[in-house]
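Worksheet: one structure, shown below.
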Ligand code: PMT
């Protein structure tokens, strides 16, 4: 039996993509399936935690035993995260949050125009950075970094700039890993330590990641 390393702890996890509306029928999104984030949520539950899962739009059945909040946009995910983070011991941002949203969401379907059209986008709030910036009741804050090049350098940059305790980096340029696949490979970075987790199922990786986090808390 798995030791209940997180008994009495609350873990909040974001998963999946966000969806940024352009008009009533169109949106901007990405290829996140939610598999990695849901696997982390199940792993934390297996280790005895109370789990809040904040999920963007995915095609995974809503898990029993987890407190699920479903959201669509980054703005909604930000609001849910700031509500749950102060009640959490651990916050993990696995969602692929859109960095930008439309400056205006058209009320009516946008009509076909000339040969070019320009969309104006504005920056979304950085959810994980807002959580890490909490003064009171700041949880142990873990981010993910999805990179296609210079993985270590970019991941360490995000760890530092967003004031995270830990970041899990994945190379999303590799076929069969990262977005939407059942397998992944991760490098875990802390300020003064790193650990490489070779390719395996997201289920197995999630358990290793959650155990690594639990080890830092105790
Ligand atoms: O969902 P799957 O199909 O299983 O795929 C898993 C995954 C590839 C999506 C996952 O492993 C992963 O890498 N998630 C993070 C994706 C991402 O958006 O990375 P990023 O490097 O752009 O963002 C860095 C960190 O900041 C992340 O923790 C992200 O959640 C967070 N962020 C980013 C932008 C924003 N506005 N707010 C945020 O909180």
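Screening the candidates 78, 45 for the property of being within 21 Å of residue 158 (Cβ to Cβ), modelled with pLDDT of 95 or more and crowded, with 19+ Cβ neighbours inside 10 Å yields one hit, 78. Scanning region 26-39 for residues that are more than 6 Å from the ligand (Cβ to nearest atom) and touching a residue at least 60 places away in the same chain (Cβ under 8 Å) returns 26, 28, 29, 30, 31, 39. Quick one: in region 162-176, of everything that is in a loop (DSSP other than H, G, I, E, B) and at pLDDT below 95, which residue is surrounded by the fewest Cβ atoms within 10 Å (Cβ to Cβ)? Result: 175. Within region 131-144, the set of residues being within 13 Å of the ligand (Cβ to nearest atom) and buried (at least 16 other Cβ atoms within 10 Å of the Cβ) comprises 131, 132, 141, 142, 143, 144. For residue 64, the conditions (1) touching a strand residue (DSSP E or B) at 6+ places or on another chain (Cβ under 9 Å); (2) more than 12 Å from the ligand (Cβ to nearest atom) are fulfilled apart from (1). Taken together, 188, 159, 207 contain a single residue that is part of a helix (DSSP H, G or I), touching a strand residue (DSSP E or B) at 6+ places or on another chain (Cβ under 7 Å) and surrounded by 14 or more Cβ atoms within 10 Å (Cβ to Cβ), which is 159.
Take region 9-25 and flag every residue that is within 13 Å of the ligand (Cβ to nearest atom) and either assigned to a strand (DSSP E or B) or without any contact (Cβ under 8 Å) to a residue 24 or more places away in the chain (or both). Matches in region 9-25: 12, 13, 14, 15, 17, 20.
The values are calculated or read from the model by the stated rules, or taken from the named source; none is laboratory data. Given the structure is predicted, the values throughout are model-derived calculations rather than measurements. Counting neighbours? That spans all protein chains shown, and the Cβs are built from the backbone with ideal geometry, glycine included.
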